[in-house]
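Down below is the structure, laid out as C-alpha cells.
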Amino acid sequence: MCTKDVSFWTTSTSTTSTPSTFHENDIHEIIRHIAGDLVEKVELFDEFKHPKTGRESQAYRITYRHMDRSLTNEEIDKVQEQVRLELVKKLNIELR
C-alpha cells in the first residue's frame, strides 16, 4: 500500500481567471481513469479558505494498492504525476 496526497486551490485571486467548478466525483473519476485498479481509496482530508485572499483549498489522500504485489514509491510517483497534471488540465485548479 502507498498513499499520496494532492492539494490545490479551487479559486484564484485573479478576477480574470475562470474559477474552478467541479464536483468531488470529478476528482474521483479522473484519478480512477489514470490509476485504474491501483486506487483503493480517494478521500478529502482537508478544506480551508485563506483568511486574507479568500482562496479556497482542498486536499485529497489517494491510497494505492495492488492485490498481487508490493508497489514501489517510484512506480506510484509516476502515476501520481499523471494524476496531478490531469487534474490541472481538466478541472482548472492550481496545485499547491
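The values are calculated or read from the model by the stated rules, or taken from the named source; none is laboratory data. The shown structure was predicted, so the numbers you read here are calculated from the model rather than taken from an experiment. Please note: Cβ atoms are built from the backbone with ideal geometry, for glycine as well, and neighbour counts cover all protein chains shown.
Points to keep in mind about this one:
- The residue that is nearest to the chain's Cα centre (by Cα), counting only those in the range 38-54 that are surrounded by 11 or more Cβ atoms within 10 Å (Cβ to Cβ) and assigned to a loop (DSSP other than H, G, I, E, B), is His50.
- Cβ-Cβ distances below 9 Å connect the following pairs, each with a first residue in the range 68-96 that is farther than 13 Å from Ile30 by Cβ, a second residue that is surrounded by 12 or more Cβ atoms within 10 Å (Cβ to Cβ) and among the basic types (Lys, Arg), and a separation of six or more residues or different chains: Leu71/Arg65; Ile76/Lys4; Asp77/Lys4; Glu94/Arg55; Leu95/Arg84.
- Of the listed requirements (1) over 19 Å from Phe22 (Cβ atoms); (2) surrounded by 12 or more Cβ atoms within 10 Å (Cβ to Cβ); (3) of a type outside the set (Val, Ile, Thr), Lys78 misses just one: (2).
- Residue match in the range 55-67 (condition: outside any strand (DSSP E or B) and hydroxyl-bearing (Ser, Thr, Tyr)): no
- Test: residue in the range 3-25 that is in a strand (DSSP E or B), among the aliphatic types (A, V, I, L, M) and either surrounded by 12 or more Cβ atoms within 10 Å (Cβ to Cβ) or in contact with a Gly (Cβ under 8 Å, 6 or more places away or on another chain) (or both): yes
- Residue match in the range 73-82 (condition: acidic (Asp, Glu), touching a strand residue (DSSP E or B) at 6+ places or on another chain (Cβ under 9 Å), at pLDDT 95 or above and in a strand (DSSP E or B)): no
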